[in-house]
Amino acid sequence: MTVELAEEMAAQGVRVTVYAHCMDAVRQEALLAAGAWRVTSNPNEVSVADFDVVYSQQNALTRLITPGVVDAMQQVGLPFFVFGHLSSFIEMEAPLSRLEWELADVFVANSEETRAHLRAFGAAYDATIVVPNPVPRGFLAPLPPPSEGRRALIVSNHVPAELAGARRMLIQRGWTVDILGRDGVQAMIQPHMLAPYAAVISIGKTVQMALMAGRAVYCYDHFGGPGWLTPENVEAAAQRNFSGRCTPTRKTSAEIVRDIEAGPPAAPIAVRRSRYSLRAWVRLLLRTVGVRPKPVPGEEMTAELRRLAALDKALSTICVQAFDSFYHWRRAEEMGRELAALKNLCLQQRQLIDRLTQGAAGSGD
């Protein structure tokens, strides 16, 4: 989401700086390629007071609001602050800082489910705007129909066992079923990747991408899901970010195969394109900012922000440590998979050597 937001804002003439607690070279390169002017994980290289718009997610802003920054904002005015929340149950997505409540001009949630969760944190979140995981402009033009009907694409980093079993069964029945994600090809989704397929099996933002590209969607993954999206169930699925949690029941592999082979419903799903257009949402944000002067905080607000910044110093340390631990855990998980694959390859080579050695011994060579 960060890469796509940076890309769209840059395309609309904004000079974008991206700060993140943890960032590897691959992400840095992706952000710079997307048009970001500057990318950093060094908080000393960023002063929030220098910007017109500040978008923050996952509490990354805690480390950047210092008493010195508060003093600078008293001189030049406050940026337009947008706080985004992308989950109703992941702890790092919850509002942790009182600074958020003091500074926010807009609260953003990625679904009605997340907005309902935010309301438990106070009345300020009643005005939260749902920005429903909008997609980059490349997905807004419908793709031409696929040349072959028995082709499906699974997009997932956590393919459940029943879906993996259904894939094997479909392949046996003559289908082509590819995987984009951890168990297949890992890459950021581009519109042309969806073109060969008649159906996309996935949850989350991939669903918006597929709907905008004119592909039938089978909404199912590790939370379960409703299966084929239809005019009757698409809104309920959207309320929960197309996560599958709208229908938290698990299907068997055989049931999934029957669904897929029966095909999607004939009735088309009517979706207002601007609803899932990142371009439209960024344009709306910039229009809002454009007619708003930067307010200068008074002495009372400045004193309160300084106090909260001091209180949040410990919180920022905890956030950074949590992100760092999460990053290294994910890297260890990836290394573990790579090690398992290497071990499996070595075992196959050893078995091959043993067979060749036994064959040579049996032939007297």
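Numbers at a glance
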{"item": "Residues being surrounded by fewer than 18 Cβ atoms within 10 Å (Cβ to Cβ) and hydrophobic (A, V, I, L, M, F, W, C) - total across segment 4-13", "result": "2"}
{"item": "Residue within segment 334-349 that is open to solvent by less than 50 Å² (accessible area, probe 1.4 Å) and either closer than 30 Å to Tyr218 by Cα or at pLDDT below 70 (or both) present", "result": "yes"}
{"item": "Counted residues, segment 76-91 - those being open to solvent by 50 Å² or more (accessible area, probe 1.4 Å) and either under 24 Å from Val130 (Cβ atoms) or without any contact (Cβ under 8 Å) to a residue 40 or more places away in the chain (or both)", "result": "3"}
{"item": "Ser56 vs. criteria surrounded by 18 or more Cβ atoms within 10 Å (Cβ to Cβ), under 25 Å from Ala187 (Cβ atoms) and in contact with a helix residue (DSSP H, G or I) (Cβ under 9 Å, 6 or more places away or on another chain)", "result": "no"}
{"item": "Segment 192-213, residues that are in contact (Cβ under 8 Å) with a residue 60 or more places away in the chain and within 12 Å of Val177 (Cα to Cα)", "result": "Ala199"}
{"item": "Which numbered condition Ile65 misses (of (1) in contact with a Phe, Trp or Tyr (Cβ under 9 Å, 6 or more places away or on another chain); (2) of a type in the set (A, V, I, L, M, F, W, C); (3) within 20 Å of Val106 (Cβ to Cβ))", "result": "(1)"}
{"item": "Some residue of segment 248-261 being in contact (Cβ under 8 Å) with a residue 24 or more places away in the chain, of a type outside the set (Ser, Thr, Tyr) and under 21 Å from Met1 (Cβ atoms)", "result": "no"}
{"item": "Subset of segment 297-312 [touching a residue at least 40 places away in the same chain (Cβ under 8 Å) and small (Gly, Ala, Ser)]", "result": "Ala309, Ala310"}
{"item": "Candidate set from segment 117-149 (those that are under 30 Å from Ser88 (Cβ atoms) and among the charged types (D, E, K, R)); member that is surrounded by the most Cβ atoms within 10 Å (Cβ to Cβ)", "result": "Arg137"}
{"item": "Residues of segment 262-291 classified as touching a helix residue (DSSP H, G or I) at 6+ places or on another chain (Cβ under 8 Å) and within 27 Å of Pro226 (Cβ to Cβ), total", "result": "8"}
{"item": "Selection count where residues are touching a strand residue (DSSP E or B) at 6+ places or on another chain (Cβ under 6 Å) and outside any helix (DSSP H, G or I), scope segment 87-98", "result": "0"}
{"item": "Selection within segment 150-183 - touching a Leu at 6+ places or on another chain (Cβ under 8 Å), free of Cβ contacts under 8 Å to residues at least 40 places away in the same chain and either open to solvent by 40 Å² or more (accessible area, probe 1.4 Å) or among the hydroxyl-bearing types (Ser, Thr, Tyr) (or both)", "result": "Asp178"}
{"item": "Positions within segment 141-159 being part of a loop (DSSP other than H, G, I, E, B), touching a Phe, Trp or Tyr at 6+ places or on another chain (Cβ under 8 Å) and within 21 Å of Phe242 (Cβ to Cβ), in sequence order", "result": "none"}
{"item": "Tally of residues being farther than 27 Å from Lys294 by Cβ and buried (at least 17 other Cβ atoms within 10 Å of the Cβ) across segment 103-116", "result": "6"}
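The values are calculated or read from the model by the stated rules, or taken from the named source; none is laboratory data. It should be emphasised that the depicted structure is a prediction, and the values quoted were computed from it without experimental measurement. Positions of Cβ are backbone-derived with ideal geometry, glycine not excepted, and every protein chain shown enters the neighbour counts. Accessible surface is based on the protein model in full, side chains and every heavy atom, while ligands, DNA and RNA are left aside. Shrake-Rupley method; radii C 1.70, N 1.55, O 1.52, S 1.80 Å.
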